[in-house]
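Below is one structure; the comments refer to it alone.
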Protein chains: 2
Amino acid sequence: MIKSYPRIRDVAQAAGVSTATVSRALSCPELVSAETRALVLKAVEATGYRINHAARNLRRRRTGGIVVLVPNLANPFFSRILSGITSVMAPVGYNVLIADTKQGEHIRDYLHHNRADGLIVLDAKLPEDVLMAGASARYEPPIVFACEWVENDNRPRVVIDNMHGAALAVDHLVELGHHRIGHLMGPPDNILTVTRAEGFRQAMKRYGLTIRPDWMLKGDFSLASGAEAAHRWLALEDRPSAIFCSSDAMACGFIGELHKRGIRVPEEVSVVGFDDIDIAAHFVPALTTIAQPRDLIGQTAAKTLLAVMQGQGGEQLQKQVLEVELIRRQSTARIA
Amino acid sequence: MIKSYPRIRDVAQAAGVSTATVSRALSCPELVSAETRALVLKAVEATGYRINHAARNLRRRRTGGIVVLVPNLANPFFSRILSGITSVMAPVGYNVLIADTKQGEHIRDYLHHNRADGLIVLDAKLPEDVLMAGASARYEPPIVFACEWVENDNRPRVVIDNMHGAALAVDHLVELGHHRIGHLMGPPDNILTVTRAEGFRQAMKRYGLTIRPDWMLKGDFSLASGAEAAHRWLALEDRPSAIFCSSDAMACGFIGELHKRGIRVPEEVSVVGFDDIDIAAHFVPALTTIAQPRDLIGQTAAKTLLAVMQGQGGEQLQKQVLEVELIRRQSTARIA
DNA sequence: GATCGCGATGTAATCGTTTGCAAAGAATGA
DNA sequence: TCATTCTTTGCAAACGATTACATCGCGATC
């Protein structure tokens, strides 16, 4: 903190060239002659020079970082996506800042291009902030939505086919002979909840199956809400033989609670999850689920953001829909 | 990106004062008169001014951010700690950057105070980098270790009492009548593995129980390694009646795999985990485990780093040991 | 009435880099 | 041989804030 470190000027002096040459040798090597470049590199080595990012960013009028807005950092679903994002951003020299929207941060602060060069938004539940009505929208950095999105918004998004995912779940259950199928949903105002529920309804309709309102259970994607839903399931007089959960976390919470009450899965009820989080394959019973390519989502969102930041606002970037897949495991079984 | 946004000069002009006054009004309000302050604030509002962090950081010779080195971002154990860190850092205006050491980043880059004002290291497996032999160590920013640490290193650390945690696990199993107890360990070069295994051995010795080498199973903290260990457990001719796992993830993987092979927990083998990750309470069976205060670890590490960055290198900050707790659930049972 | 101290404000240098512009050679072509 | 182009390099002006220092009133003190 105290000691002064070598600056570009020191390197220039050591190499016997100007600071401009050093700068060029480091950031656009093709602009300087091979020998000069070697000289500079040697001087960098000798002095132990490290670039000062604050100075560079100031001069370049950028921040050198992107911000990822996540609804809940403590949720393992997101950590994998973050991992995918950093794997793309770090190599090209961008810092990745994370902001947990649940911690009630001053999210508006990040929506300014002298704060971040770009944003990846994993929480579409910030309409008034994100849409930025009024003057300050002019200063908004590029935004890419991942997983979630805002309806009637034409900014790029990297999502999965949620309707299709729900359909896969229903297909699978019907194939196993189930007719009485329930759905454990996420928070009502969430776009994923809405889309998956709609996919569920359409698929049920396609098979001519009844959609019973009392079998549409409410949750919020969390483990705890899954456990709570189990109580409501237990209280039903007439129970479905299978349930499609809108998240793996809820599925685990649901199964865990049923187990405590002596109900066995899949013998007494089949359960399908959504996400394929790491624990799913190791849960008891191993969870049948709809797999999302979480790493790929993160990577794709990051690449898309990079493209947009470089001004390539190509249309093919607008709405990228990634594939989901049904993973058959032990939490579903042929109806007795 | 293109449009120029209001600078401090614009605010000064709008308020009819100098830039120095604006700066002071915003960062040390007590230095300007109340009326001037009001004037400035109004001008800020009117112009929509947002501070440029790059410029401020350059001038203040700092970066405005701290870096958290995590061994594996995809591991949910860490996301909760990150969450604790950001909850402390964000309100005081620090950015939190995350670097996944498993992604083989140029970690050295972060060990320079023009890159980060401080570091929280969750992965002590970087000795040669972190210790920074030689010249560049002079430029190293303050470091605080959390969870893991480096032996014979006197930098501050925020850890838990791992030996005691292991002892609690053994106490609990012995209390339930177990004498034949195994231990599923983490990666061999990890300080947590070493400490917990040592705690396990000491506790066993205290009860006069035999420590059988073939019951000391190797793992790496991951779900997959837990599942793999289950195979080795199954292959044993003489099996322990209980096993203490060095992480919840391994415990889940272990139980999940045993379940697939038709072995029941806790009827046929009792399992104790470590960490108390969120899923533990909802696993089947709910996991008996040693709980770590993950949020608190993150918060404490962050506060400690702040203190060190402000030059308060008090001795009471050197080694903070937080409490662990045994959580009794359903994966352990009295021996038949 | 002169001096001092203090609070409030302004002036201007500074943080460390990048980059537009210009100049100096070197190379090319007529 | 001279004009023209191209490469390579240096000079110096930004980028937008903070802050040491100077200034200016103004009331208090002797």
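The values are calculated or read from the model by the stated rules, or taken from the named source; none is laboratory data. Quick caveat, the model's predicted, so the values are computed rather than measured. Glycine also receives a Cβ, built like all others from the backbone with ideal geometry; neighbour counts cover every protein chain displayed.
Structural remarks
- Qualifying residue in region B:149-161 (condition: of a type outside the set (S, T, N, Q), surrounded by 18 or more Cβ atoms within 10 Å (Cβ to Cβ), more than 19 Å from the chain's Cα centre (by Cα) and modelled with pLDDT of 95 or more): no
Results for (1) more than 7 Å from chain A (Cβ to nearest Cβ); (2) at pLDDT 90 or above; (3) surrounded by fewer than 23 Cβ atoms within 10 Å (Cβ to Cβ); (4) out of contact with any Leu (no Cβ under 9 Å at 6 or more places or on another chain), shown as yes or no for each residue.
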| residue | (1), (2), (3), (4) |
| --- | --- |
| B:79 | no, no, no, no |
| B:88 | yes, yes, yes, no |
| B:101 | yes, no, yes, no |
| B:111 | yes, no, no, no |
| B:118 | yes, yes, no, no |
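- Neighbours by Cβ (under 8 Å, 6+ apart or cross-chain): first from region A:21-44, within 23 Å of residue A:57 (Cα to Cα); second assigned to a helix (DSSP H, G or I) and of a type in the set (Ser, Thr, Tyr): A:21/A:36; A:25/A:36; A:32/A:21; A:40/A:21
- If you check B:293, B:266 for being over 16 Å from residue B:223 (Cβ atoms) and away from chain A (no Cβ under 13 Å), only one passes: B:293.
- Number of the exception - residue A:123 against (1) surrounded by fewer than 18 Cβ atoms within 10 Å (Cβ to Cβ); (2) at pLDDT 85 or above; (3) in contact with a strand residue (DSSP E or B) (Cβ under 7 Å, 6 or more places away or on another chain): (1)
- The one condition in (1) under 25 Å from the mean Cα position of the chain (by Cα); (2) within 22 Å of residue A:235 (Cβ to Cβ); (3) assigned to a loop (DSSP other than H, G, I, E, B) that residue A:183 fails to fulfil: (3)
- Single match in A:301, A:251 (criterion: under 25 Å from residue A:189 (Cβ atoms) and outside the structural domain of residue A:194 (by TED's automatic domain parsing)): A:301
- Members of region B:1-54 that are within 13 Å of DNA strand C (Cβ to nearest atom), of a type in the set (D, E, K, R) and either surrounded by 16 or more Cβ atoms within 10 Å (Cβ to Cβ) or more than 42 Å from the chain's Cα centre (by Cα) (or both): B:7, B:9, B:24, B:35, B:37
- Flag if residue B:57 is surrounded by 18 or more Cβ atoms within 10 Å (Cβ to Cβ), under 29 Å from residue B:107 (Cα atoms), over 30 Å from the mean Cα position of the chain (by Cα) and within 12 Å of DNA strand C (Cβ to nearest atom): no
- Single residue of region A:1-49 satisfying the filter (outside any helix (DSSP H, G or I) and near DNA strand D (Cβ under 8 Å from one of its atoms)) that is farthest from the other protein chains (Cβ to nearest Cβ): A:33
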